[in-house]
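The values are calculated or read from the model by the stated rules, or taken from the named source; none is laboratory data. Computed from a predicted structure; not experimentally measured. When we count neighbours, we look across all protein chains shown, and the Cβ atoms used for this are built from the backbone with ideal geometry, even at glycine.
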Amino acid sequence: MAQVVFEDVYKSFPARKGDRTAQLTPVEPGLISVDQTSAPTATERDTKTDTVTVLRRINLTVEDGEFMVLVGPSGCGKSTLLRLIAGLEELTGGSIWIGDRKINHLPPKARDIAMVFQSYALYPHMSVYNNLAFGLRRTQSQHGQKRRSPVAVVRKKLESGLGVTTRVLPKFLRYRSKQEKIIEQTVQQVAEVLQIEDLLDRLPKQLSGGQKQRVALGRAMARDPQVFLMDEPLSNLDAKLRTQTRAQIVKLQRQLGTTTVYVTHDQTEAMTMGDRIAVMNAGQIQQIAQPLDLYNRPVNRFVAQFIGSPPMNFISVQVKTSQNLYHPLFSLNLPNGWSAVLQPYQGQTLTLGIRPEHLELAAKDPSHIPARVELIEALGHETYLSVLLIQPAQGVSNPLIVRINPYQQVMIGEQLWFSIQLDKIHLFDDQTHAALRPRH
Ligand SMILES: Nc1ncnc2c1ncn2[C@@H]1O[C@H](COP(=O)(O)OP(=O)(O)OP(=O)(O)O)[C@@H](O)[C@H]1O
Ligand SMILES: [Mg+2]
């Protein structure tokens with residue numbers, strides 16, 4: 001087990017036709033301008049070197065035993081970062097450390113990591129059991145090789161030969177060395193956790209996609225590496241199995257205490273699994289924090305809309321006075337903590353962020369948002385409304401999502417008022433998209 005440290009990590013690939021041409025400019029963390037209108041992309045082409053930089057200035061410390069989740073939209077560089085730790089890609093700049101070893105130039109085998117890929121591959125000619133046991137046999141023989149006497153080497157070879165020749169026989173006739181018995185215990189334990197005990201004698205081609213994925217996961221977890229790297233290991237599972245396996249992975253990781261870097265683009269997975277989460281966008285880390293900190297205190301607009309489901313609503317408002325926000329349809333008097341922060345913004349516009357769960361159905365009032373119901377999504381335990389804030393004078397409409405209690409009766413086309421929980425609002429600078437924080 002060990003700490004994993006990224007120091008100023010950069011990664012570029014040779015440019016391909018069609019890659020975006022852009023000037024690479026240094027950006028302050030937390031002050032990242034996010035273009036909401038175009039799909040985020042990690043690739044920016046540097047015309048001087050004809051390369052595209054897909055990871056920029058990555059600084060991250062994954063503590064010993066920590067479960068770190070990397071989350072971000074497709075193409076933001078998550079898999080590339082994992083592949084750099086695994087040694088499957090070469091760094092363009094910076095360093096990566098595992099424990100006290102700088103691993104920049106170590107071959108993958110010497111890094112002592114176990115990885116489950118986004119596109120996993122099992123050994124097709126081996127049973128599930130042997131797929132799980134394979135890594136263990138290899139690790140144990142590597143560990144043992146250094147200190148073995150000639151007699152032990154001969155014994156080991158004999159045992160291994162007997163093991164291989166009798167492997168085709170019925171279970172009770174098979175020869176199992178002491179080492180193989182330990183392996184069997186580990187395989188059983190992992191198979192139990194991942195609910196694949198009944199599949200141990202099957203070949204990969206006799207498994208469903210989800211079962212294969214669990215075997216691939218089990219193969220990595222059966223080993224005892226310094227670091228687990230997991231790249232969307234649950235993507236092929238159905239919703240129920242996904243939730244179950246999610247919990248099992250976390251439980252097993254806690255038991256083993258192995259430092260883990262887990263990649264996903266699913267924010268529920270990130271929130272429920274991670275000790276901490278690193279949110280990435282366009283090749284950069286936007287924020288590293290504990291799950292609830294990300295939800296409560298996102299540093300910028302990107303994190304605010306990426307974490308939370310349905311995502312945060314945004315409304316453009318004008319700072320009338322240091323304690324009042326104005327919108328043509330409503331106005332808000334803010335708590336005291338905001339006044340010092342809003343002072344320099346008087347007369348300017350800001351983006352108000354409010355989550356669907358922090359809006360409530362309310363009576364008509366100048367501080368409440370009037371909106372028309374466009375869509376009703378009743379999920380049973382809660383209902384989401386898609387509503388439109390309509391400003392007839394300007395002809396613009398602002399869509400919002402609101403969570404209401406399922407027993408509240410509403411109709412499509414109905415005009416309603418929504419109150420905002422003022423202690424739950426977020427405000428973002430329109431230029432930098434950075435979050436402003438009230439002072440308490
Ligand atoms: N070998 C390569 N050559 C050139 N560009 C590459 C290479 N590998 C990845 N990229 C580019 O690097 C960027 C990041 O890719 P990466 O696979 O790390 O994204 P990701 O965050 O894992 O996305 P997803 O969620 O879709 O798996 C993408 O724009 C991708 O096209
Ligand atoms: Mg990926």
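Here are some residues: Leu389, Leu375. Which one is closer than 19 Å to Phe314 by Cβ, aliphatic (A, V, I, L, M) and out of contact with any Lys or Arg (no Cβ under 9 Å at 6 or more places or on another chain)? First the steps, then the outcome.
On the way: Leu389 fails: out of contact with any Lys or Arg (no Cβ under 9 Å at 6 or more places or on another chain).
Testing whether each residue is closer than 19 Å to Phe314 by Cβ, aliphatic (A, V, I, L, M) and out of contact with any Lys or Arg (no Cβ under 9 Å at 6 or more places or on another chain) leaves just Leu375.
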Item checked: Pair list, Cβ under 7 Å, 6 or more apart: segment 413-440 residue at negative phi and at pLDDT 95 or above, other residue surrounded by fewer than 17 Cβ atoms within 10 Å (Cβ to Cβ) and of a type in the set (Asp, Glu) -> Trp417/Asp365; Phe418/Glu360; Ser419/Glu360
Check: Across segment 58-88, what is the number of residues that are in a loop (DSSP other than H, G, I, E, B), touching a helix residue (DSSP H, G or I) at 6+ places or on another chain (Cβ under 7 Å) and more than 16 Å from ligand 2 (Cβ to nearest atom)?
Finding: 1
Margin query: Cβ contacts < 7 Å: first residue more than 21 Å from Leu237 (Cβ to Cβ) and without any contact (Cβ under 8 Å) to a residue 60 or more places away in the chain, restricted to segment 175-198; second residue of a type in the set (Gly, Ala, Ser) and surrounded by 13 or more Cβ atoms within 10 Å (Cβ to Cβ), any location; separation 6+ or different chain. Result?
Written below: Tyr175/Gly163; Arg176/Gly163; Ser177/Gly163; Glu180/Gly163; Ile183/Ala133; Thr186/Ala222
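Find the residue count for segment 411-425, including only residues that are closer than 14 Å to Leu388 by Cβ, in a loop (DSSP other than H, G, I, E, B) and under 36 Å from the mean Cα position of the chain (by Cα). Please lay out each step first, then the result.
Keep residues of segment 411-425 that are closer than 14 Å to Leu388 by Cβ, which gives 412-418.
Of the ones still in play, those that are also in a loop (DSSP other than H, G, I, E, B) are 412-414.
Filter once more, so that each one left must be under 36 Å from the mean Cα position of the chain (by Cα): 412.
Adding up the residues that qualify gives 1.
Could you list, in sequence order, the residues of segment 252-269 that are within 16 Å of ligand 1 (Cβ to nearest atom) and assigned to a helix (DSSP H, G or I)? Walk me through it before giving the result.
Filtering segment 252-269 for residues within 16 Å of ligand 1 (Cβ to nearest atom) gives 261-269.
If the condition is that a residue be within 16 Å of ligand 1 (Cβ to nearest atom) and assigned to a helix (DSSP H, G or I), then Gln267, Thr268, Glu269 are the ones that fit.
From the list Ser331, Ser367, pick out the single residue that is outside any strand (DSSP E or B) and hydroxyl-bearing (Ser, Thr, Tyr). Give the steps one after another, and end with the answer.
On the way: Ser331 fails: outside any strand (DSSP E or B).
After applying the criteria, what remains is Ser367.
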Item checked: Tabulated pairs, segment 220-242, first touching a residue at least 24 places away in the same chain (Cβ under 8 Å), second aromatic (Phe, Trp, Tyr), C-beta under 7 angstrom, 6+ apart or interchain -> Ala220/Phe228; Met230/Tyr262; Asp231/Phe117
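Residues checked against (1) modelled with pLDDT of 95 or more; (2) crowded, with 22+ Cβ neighbours inside 10 Å; (3) farther than 16 Å from Gln3 by Cβ:
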{"position": "Leu55", "(1), (2), (3)": "yes, yes, yes"}
{"position": "Leu60", "(1), (2), (3)": "yes, no, no"}
{"position": "Glu63", "(1), (2), (3)": "yes, no, no"}
{"position": "Glu66", "(1), (2), (3)": "yes, no, no"}
{"position": "Val69", "(1), (2), (3)": "yes, yes, yes"}
{"position": "Gly75", "(1), (2), (3)": "no, no, yes"}
{"position": "Ile85", "(1), (2), (3)": "yes, yes, no"}
{"position": "Leu88", "(1), (2), (3)": "no, no, yes"}
Check: Are any of the residues in segment 291-309 part of a strand (DSSP E or B) and either hydroxyl-bearing (Ser, Thr, Tyr) or in contact (Cβ under 8 Å) with a residue 40 or more places away in the chain (or both)?
Finding: yes
Item checked: Asn324, sole failed condition from (1) touching a residue at least 24 places away in the same chain (Cβ under 8 Å); (2) surrounded by 15 or more Cβ atoms within 10 Å (Cβ to Cβ) -> (1)
Next item on the list: Would you confirm whether any residue within segment 3-25 is within 16 Å of ligand 2 (Cβ to nearest atom) and at pLDDT 90 or above?
Entry: yes
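Taking the residues in segment 89-141 that are within 16 Å of ligand 2 (Cβ to nearest atom) and outside any strand (DSSP E or B) as candidates, determine which candidate is nearest to Gln226 (Cα to Cα). Walk me through how you get there before you give the answer.
Restricting attention to segment 89-141, the residues satisfying the condition of being within 16 Å of ligand 2 (Cβ to nearest atom) are 89, 115-121.
Keeping just the survivors that are outside any strand (DSSP E or B) gives 89, 117-121.
Numbers: Glu89: 19, Phe117: 17, Gln118: 20, Ser119: 22, Tyr120: 20, Ala121: 22 Å.
Per the stated criteria, the residue is Phe117.
In segment 334-353, which residues are under 16 Å from Arg437 (Cβ atoms) and either in a strand (DSSP E or B) or in contact with a helix residue (DSSP H, G or I) (Cβ under 8 Å, 6 or more places away or on another chain) (or both)?
Keep residues of segment 334-353 that are under 16 Å from Arg437 (Cβ atoms), which gives 334-345, 350-353.
Across segment 334-353, the qualifying residues are Leu334, Pro335, Leu350, Thr351, Leu352, Gly353.
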